[in-house]
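Quick notes on the structure that follows.
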Amino acid sequence: MNQHSHLHRATLLLLTTLLCAPSLLLAQSRPNDPHLAYAFPAGCQQGTTREIVIGGQHLKDVADAYITGSGATVEIGQWYRPLSQNEFNDLRTALDDARKKLVEGGKAKPTNEEVAKAANITEVQLREIEKYRERSRDEKRQLNEQLEEELILKVTFTSDAEPGKRELRLLTETAMSNPLWIQVGKYPEVMETEPNDDQPDAAAITQFPVVVNGQIMPGETDSFSFEAKKGMRLVIVAGARDVIPYLADAVPGWFQAVLKLTDSSGKEISYASSYYFSQDPVIYFEVPKDDRYTVVIHDALYRGREDFVYRLTLGEIPIVTSIFPLGVSSGEKTTVALKGWNLTTTTLESDRTPYRQYRPLRWQPVEQGAGHVVQVPLLVDTLPEVFDKEPNNDQETAQRVPARAIINGRIDTPGDEDVYFVSSSGRLAVEVRARRHGSPLDSMISVTDAQGKEVAFNDDFEDKAQSLMTHHADSHLVFNIPSSGAYIRISDTQGNGGEDFVYRLYLRAPQPDYELRVTPASIIGRAGAITPITVYALREDNFTDDIELKLVDPPPGFFLSGGIIPGNADQVQLTLTMPPTPPEGPVVLNMVGSALGKGKQIRPAVPAENMMQAFIWHHLIPVENWSVIVSGKPAPKPPYNIIMTGPRLLVQRGGTTYLPIQPINKNVSAGDVQISLSEPKGITAKVVTNNMGTYAIEVTGDAEQLEAGLRGNLLFYAYRTTTPAPTKENPNPQTRRTDFGYFPAISFEVVGQKSR
């Protein structure tokens, strides 16, 4: 999703955009596929051209680039990789040997130039040797092979290129990289000038607004000085997690930026290590006097590396810090109040905003003068809207509300509590939407009966669809309403409160539902190839229906196999078959899921990257496009087809099942082709034959490891190994392997142990 305001992306409300829209780990990627770790700078202004350094791995053979959206062109430039340890050792050994030979030959004290010439080592190699030594001497530097290569891109964005985030992917002849965010801004952009630790960079900030692009290396602080006039309402936004959300091998698993602002005497004016719950810090202040100020940025733990990239935005720019209410009812006119800095418009009139069940969040543009536009996120629903009325702080003053409604409220002061009374019957779902949509509220819900007995409680509820949340602070619970009615209490877990602590409290019947994510988001395959993909079902309120997956208006030749997510599963691995004739350029595919129960809910499968945080946690980060490239060279095909005699294979616990094989390649015997099956555990397979020379795949189910009712897909992989006969010239020939690839996914179900 392209956001439309650079400023807005850096504000508190940015997070909701990223959660509902759009990387470092590419599912099912091959070891030598190009991997992108960072871009520096991570963007540029409309109507400009910028050289961008892409850091990563396996970038040497990159031949093309793909940027989402219009108005962008890319030229591939120079590739660079520093010496590896083995290369350094080889060069050092060559120098030592050459020096020894020169001394033995009568040259008592050969110069370095003479030694290098004797060793046939160039000046470029000598410089690389010194660079290696410098990097090795830096005790704070964390060497990482995923960052070691660099590729220069020359990126141009036209003056009418839409501002916001773009996804950049790099292409080789046989592979496509993971996506990396490149930001298109409206404001002038500059690069930091090193060194700027002890002496601030005075040349970077000479105008407002401006975006400063920088990198933090180990133990480093970057500082910038600038002139500001009394009365200016300056906003300083550090985009760090906004640039790269997760770092797989860092703790915490992102660049934790810290901002400090001082005046010319060194007096601290402001400090920020985060902005409410957002990890990226924000400073806004009214300039107290004409002076020269200095802003400093560094990592909270003084870590640093090439991928600690930031975009620092400064200026009298509009920033929205909160809105109330957080949502509106579809078809009704509602005035939404905006709070923030440098706003020329502080209200949004919402009228007849369309409702979409599976995408309740809508972004509304609000012009702020001088060409500024902020995007305001609104939740849209069809339930009746209710506003809290004070006093409602205890059971005696509880506000009566219907059991089917959305309550828009605020925890006005520290320690405040809002109490609502419901007199209906049956099961009731209570859900808070606050933290997910920009509010700092860390909600807590307690439900009691008329006698004060607690019947339900929830503090934090994990919403798996919110992949960038590091603290799931919204509440969600389902309970039976007591006969005497229910008193629903909402408060802040930490006892905080204030004007920004707004919430949207949903009261409704339980609504089993789901969302879908598909990985990998970037696929490249040969013509006719069969590629494994994984689809995740993010289930809510005990949703247990099967989900049928389908491609939406796919180009000819693309199709899915195994497209059912069982009701007892949160994910399924299936296969995507490529067309036999490659289409030109990248193809964007779309997939939807259809619930097979009574509700028939249809939901989009959002493409995502499976990103790792701090060595252990995985997050499904949505991206804009599910991109597929089909190469021209046809993929090898297995020498036989698997014949299915029913909608799914019934796998016997403690027994065997047979899948017939139909040969299609006379040049390869079915008996020579082996198969592998990586999952699920407890199911094994092999090719067998009978005395009639007929072949089949024997599938065996382990009675101890398998439970009856388990469903999913089997992904068989075909290959052949051959060992040439020994010869006099080659008495120990190596075994050769030919890979035929995957078969289309086969649905299975585990059934009770086979009778004997």
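The values are calculated or read from the model by the stated rules, or taken from the named source; none is laboratory data. Every value quoted in this text rests on a predicted model; they were computed, and no experiment measured them. Cβ: placed from backbone, ideal geometry, glycine included. Neighbour counts: every protein chain shown.
Scan segment 584-604 residue by residue and report those that are modelled with pLDDT of 90 or more and assigned to a loop (DSSP other than H, G, I, E, B).
Scanning segment 584-604 gives a single hit, 590.
Can you go through 737, 720 and tell me which one is assigned to a strand (DSSP E or B) and surrounded by fewer than 14 Cβ atoms within 10 Å (Cβ to Cβ)? Reasoning before the result, please.
Values: 720 fails: surrounded by fewer than 14 Cβ atoms within 10 Å (Cβ to Cβ).
Only one candidate passes the filter, namely 737.
If you take the residues in segment 257-275 that are surrounded by fewer than 21 Cβ atoms within 10 Å (Cβ to Cβ) and touching a Lys or Arg at 6+ places or on another chain (Cβ under 9 Å), which one is nearest to residue 38 (Cα to Cα)? Write out each step before concluding.
Here is the first cut: in segment 257-275, the residues surrounded by fewer than 21 Cβ atoms within 10 Å (Cβ to Cβ) are 258, 260-274.
Now narrow it down to the ones that are touching a Lys or Arg at 6+ places or on another chain (Cβ under 9 Å): 263-264, 268-272.
On the way: 263: 33, 264: 34, 268: 32, 269: 32, 270: 29, 271: 27, 272: 24 Å.
The extreme case among them is 272.
Do we find that residue 132 is surrounded by 16 or more Cβ atoms within 10 Å (Cβ to Cβ), modelled with pLDDT under 90 and under 27 Å from the mean Cα position of the chain (by Cα) in this structure? It would help to see each step written out before you state the result.
Numbers: surrounded by 16 or more Cβ atoms within 10 Å (Cβ to Cβ): yes; modelled with pLDDT under 90: yes; under 27 Å from the mean Cα position of the chain (by Cα): no.
So residue 132 does not fit the description; no.
Determine, yes or no, whether residue 392 is more than 40 Å from the chain's Cα centre (by Cα) and polar (S, T, N, Q).
Details: more than 40 Å from the chain's Cα centre (by Cα): yes; polar (S, T, N, Q): yes.
Answer is yes for this residue.
For segment 162-196, what are the residues that are among the acidic types (Asp, Glu), over 24 Å from the mean Cα position of the chain (by Cα) and either buried (at least 24 other Cβ atoms within 10 Å of the Cβ) or modelled with pLDDT of 90 or more (or both)? Walk me through it before giving the result.
So in segment 162-196, the residues among the acidic types (Asp, Glu) come out as 162, 167, 173, 189, 192, 194.
Now drop any that are not over 24 Å from the mean Cα position of the chain (by Cα), which leaves 173, 189, 192, 194.
Passing the criteria: 189, 192, 194.
Any idea which residue in segment 69-84 is surrounded by the fewest Cβ atoms within 10 Å (Cβ to Cβ), counting only those that are at pLDDT below 90 and either touching a Phe, Trp or Tyr at 6+ places or on another chain (Cβ under 8 Å) or over 30 Å from residue 153 (Cα atoms) (or both)?
82
Which strands (runs of 3 or more DSSP E) sit wholly inside segment 143-251 and have at least 3 residues that are in contact with a strand residue (DSSP E or B) (Cβ under 8 Å, 6 or more places away or on another chain) and of a type in the set (Asp, Glu)? Before you say what the answer is, go through the steps one by one.
On the way: elements: 149-157, 164-171, 180-185, 189-191, 210-215, 221-228, 233-239.
No strands (runs of 3 or more DSSP E) qualify here.
Which of (1) more than 23 Å from residue 181 (Cα to Cα); (2) in the same structural domain as residue 241 (by TED's automatic domain parsing); (3) surrounded by fewer than 21 Cβ atoms within 10 Å (Cβ to Cβ) does residue 306 not meet, given it meets every other one?
(1)
From the list 317, 269, 297, exactly one residue is in contact with a helix residue (DSSP H, G or I) (Cβ under 6 Å, 6 or more places away or on another chain) and either part of a loop (DSSP other than H, G, I, E, B) or not aromatic (Phe, Trp, Tyr) (or both). Which is it? Can you show your working first?
Details: 269 fails: in contact with a helix residue (DSSP H, G or I) (Cβ under 6 Å, 6 or more places away or on another chain); 297 fails: in contact with a helix residue (DSSP H, G or I) (Cβ under 6 Å, 6 or more places away or on another chain).
Going through 317, 269, 297 in turn, just one is in contact with a helix residue (DSSP H, G or I) (Cβ under 6 Å, 6 or more places away or on another chain) and either part of a loop (DSSP other than H, G, I, E, B) or not aromatic (Phe, Trp, Tyr) (or both): 317.
May I ask you to list the residues in segment 586-604 that are surrounded by fewer than 19 Cβ atoms within 10 Å (Cβ to Cβ) and either within 15 Å of residue 557 (Cβ to Cβ) or among the β-branched types (Val, Ile, Thr) (or both)?
The answer is 588, 592, 602.
Is it true that residue 361 is modelled with pLDDT under 90, under 29 Å from residue 540 (Cα atoms), hydrophobic (A, V, I, L, M, F, W, C) and in contact with a Pro (Cβ under 9 Å, 6 or more places away or on another chain)? Outline the logic, then answer.
Working: modelled with pLDDT under 90: yes; under 29 Å from residue 540 (Cα atoms): yes; hydrophobic (A, V, I, L, M, F, W, C): yes; in contact with a Pro (Cβ under 9 Å, 6 or more places away or on another chain): yes.
In short, yes.
For segment 614-625, does any single residue satisfy the condition of being surrounded by fewer than 19 Cβ atoms within 10 Å (Cβ to Cβ), outside the structural domain of residue 684 (by TED's automatic domain parsing), under 30 Å from residue 251 (Cα atoms) and among the aliphatic types (A, V, I, L, M)?
Restricting attention to segment 614-625, the residues satisfying the condition of being surrounded by fewer than 19 Cβ atoms within 10 Å (Cβ to Cβ) are 614-618.
Next cut, outside the structural domain of residue 684 (by TED's automatic domain parsing) only: 614-618.
Still in the list and also under 30 Å from residue 251 (Cα atoms): 614-618.
From what's left, among the aliphatic types (A, V, I, L, M): 614, 616.
Checked against the condition, which is being surrounded by fewer than 19 Cβ atoms within 10 Å (Cβ to Cβ), outside the structural domain of residue 684 (by TED's automatic domain parsing), under 30 Å from residue 251 (Cα atoms) and among the aliphatic types (A, V, I, L, M), segment 614-625 yields at least one hit.
Could you tell me whether residue 354 is surrounded by 13 or more Cβ atoms within 10 Å (Cβ to Cβ) and either under 30 Å from residue 604 (Cβ atoms) or not assigned by TED's automatic domain parsing to the domain that holds residue 413 (or both)? Spell out the reasoning first.
On the way: surrounded by 13 or more Cβ atoms within 10 Å (Cβ to Cβ): no; either under 30 Å from residue 604 (Cβ atoms) or not assigned by TED's automatic domain parsing to the domain that holds residue 413 (or both): yes.
So residue 354 does not fit the description; no.
Looking for whichever is crowded, with 17+ Cβ neighbours inside 10 Å, part of a loop (DSSP other than H, G, I, E, B) and modelled with pLDDT of 90 or more here; the options are 91, 59, 95, 36. Which one fits?
Details: 91 fails: part of a loop (DSSP other than H, G, I, E, B); 95 fails: part of a loop (DSSP other than H, G, I, E, B); 36 fails: part of a loop (DSSP other than H, G, I, E, B).
After applying the criteria, what remains is 59.
Those residues that are among the charged types (D, E, K, R) and either outside the structural domain of residue 702 (by TED's automatic domain parsing) or under 34 Å from the mean Cα position of the chain (by Cα) (or both), I need them from segment 668-686; list them, please. Full working, then the answer.
As a first pass, look at segment 668-686 and keep what is among the charged types (D, E, K, R): 672, 679, 681, 686.
Across segment 668-686, the qualifying residues are 679, 681.
Report yes if residue 696 is more than 39 Å from the chain's Cα centre (by Cα), in a strand (DSSP E or B) and on the phi < 0 side of the Ramachandran plot, otherwise no. If you could, list the steps in order and put the result at the bottom.
Values: more than 39 Å from the chain's Cα centre (by Cα): yes; in a strand (DSSP E or B): yes; on the phi < 0 side of the Ramachandran plot: yes.
Answer is yes for this residue.
Would you mind telling me which numbered condition in (1) over 30 Å from residue 721 (Cα atoms); (2) in contact with a Ser or Thr (Cβ under 8 Å, 6 or more places away or on another chain); (3) at pLDDT below 90 residue 607 fails?
Only one criterion is unmet by residue 607, namely (3).
Does residue 633 satisfy being assigned to a strand (DSSP E or B) and surrounded by fewer than 14 Cβ atoms within 10 Å (Cβ to Cβ)?
Details: assigned to a strand (DSSP E or B): yes; surrounded by fewer than 14 Cβ atoms within 10 Å (Cβ to Cβ): yes.
Yes.
Pick from segment 385-418 the residues that are surrounded by 14 or more Cβ atoms within 10 Å (Cβ to Cβ), of a type outside the set (D, E, K, R) and in contact with a Ser or Thr (Cβ under 7 Å, 6 or more places away or on another chain): which of them is nearest to residue 472 (Cα to Cα)?
Selected residue: 411.
For residue 462, indicate whether it is among the acidic types (Asp, Glu) and at pLDDT 95 or above. Can you show your working first?
Numbers: among the acidic types (Asp, Glu): yes; at pLDDT 95 or above: no.
For residue 462, the condition - among the acidic types (Asp, Glu) and at pLDDT 95 or above - is not met.
Considering only segment 636-672, how many residues are out of contact with any Gly (no Cβ under 9 Å at 6 or more places or on another chain), outside any strand (DSSP E or B) and within 19 Å of residue 557 (Cα to Cα)?
The number of residues fulfilling the criteria is 0.
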